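Visitor: This is the structure I want to talk about, given as structure tokens.
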Amino acid sequence: MSSTLHIGLSMECDYRHGLTQSEAFDEAFSTANLAEEQGFTGVWLAERHFATPDRTAGVPSIVSAPLILATAIAGRTSHIRIGIGVLVLPLGHPIRMAEEVATLDNICQGRLDLGVGRSGFTRVYEGYDIPYDESRSRFLEYLNVMRLAWTEEQFSYEGEVYSFDDICVIPKTFQKPHPPLWSAATTRESF
């Protein structure tokens, strides 16, 4: 039996003291290119919000919109996998996110790995004016809606938070039935 070792690189893209934002983005792109050149299997981007430059509230990062940064990396690389680790699902709208993920998966021609989670940082939810106590139910509904959007020609959905009647979401994902999904969990409730 043969086995292959897969090594990925987690890119938190810290906005370090002394760097301009432009330099931080350039560093992210050059790091992804170097990872591909050195034979890494993939690069992973962590979604971050509301950290302060003086680091009194988290570590500042340029990855507040990981799907956009991942799309830019996809355009600058040719074979390395691109992972989101993780996309905080309850912060957005599931249809919009399903469309954006499918678009990225097509642009990178199936090199996308999608990590999803709900984040344990209540400050993030406060910043988006979303009640943290709804994060689990929103996460579960969100994931169900995204899977339907990627796999069904048209669908309807009736949930506690989201409801849709007979909608069609295009594009569908490049990978079938959808990109590999990974889940982040730090509490028993998240499993």
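No value in this document is a laboratory result; all are computed from the given coordinates. On a predicted model such as this, the values are computed, not experimentally measured, just so you know. FYI the Cβ positions are ideal-geometry reconstructions off the backbone, even for glycines, and counts take in every protein chain you see.
Visitor: Quick one: Karplus J couplings for the range 86-102, per residue in order, coefficients 6.51, -1.76, 1.60, θ = phi - 60°, nearest Hz, x for Gly and Pro?
Guide: Karplus values, whole Hz, x for Gly and Pro: 10, 8, 7, 4, x, 7, x, 10, x, 5, 4, 5, 4, 5, 5, 5, 5.
Visitor: In addition: Is the chain best put as rounded, prolate or oblate by its Cα gyration tensor, with a ≥ b ≥ c the root eigenvalues, rounded for a/c under 1.5, and otherwise prolate when a/b is larger than b/c, oblate when not?
Guide: oblate
Visitor: Measuring from label point to label point, each 7 Å out along Cα→Cβ, what is the Glu160 to Thr52 span in nm?
Guide: Result for the modelled spin labels: 3.4 nm.
Visitor: Provide the gained length on full extension for the span Asn144 to Ser64, in nm with one decimal, where the gain is 0.36 nm per separating residue minus the Cα-Cα distance.
Guide: 26.4 nm
Visitor: If you don't mind, another one. Report, in debye and to the nearest 20, how large the dipole of the range 30-115 comes out about its Cα centre when Lys and Arg carry +1 and Asp and Glu carry -1 on their Cβ.
Guide: Values: 6 positive and 8 negative charges, 18 e Å.
Roughly 80 debye for the range 30-115.
Visitor: Only helical DSSP H runs with n ≥ 4 go in: add -39500 (n - 2.57) per run for the chain, normalise by residue count and round the 222 nm mean residue ellipticity to 500 deg cm²/dmol. Please report the intermediate quantities before stating the final value.
Guide: Details: 5 runs with 65 residues, N = 191.
That comes out to -11000 deg cm²/dmol.
Visitor: Based on Cβ point charges of +1 for Lys and Arg and -1 for Asp and Glu, what charge dipole magnitude is obtained for the chain about its Cα centre, in debye rounded to the nearest 20? Please report the intermediate quantities before stating the final value.
Guide: Values: 15 positive and 25 negative charges, 99 e Å.
For the chain, the charge dipole is close to 480 debye.
Visitor: Just the number, please: percent antiparallel of the DSSP beta bridges in the range 8-182, rounded to the nearest 5. All intermediate terms of the calculation are to be shown ahead of the outcome.
Guide: Details: 4 of 19 bridges.
Around 20 percent of the beta bridges assigned by DSSP in the range 8-182 are antiparallel ones.
Visitor: Which of Ile167, Phe40, Phe155 sits closest to the plus end of the dipole of the range 8-182, meaning its Cα is farthest towards the positive end, when Lys and Arg get +1 and Asp and Glu get -1 on the C-beta?
Guide: Final value for the positive-end residue is Phe40.
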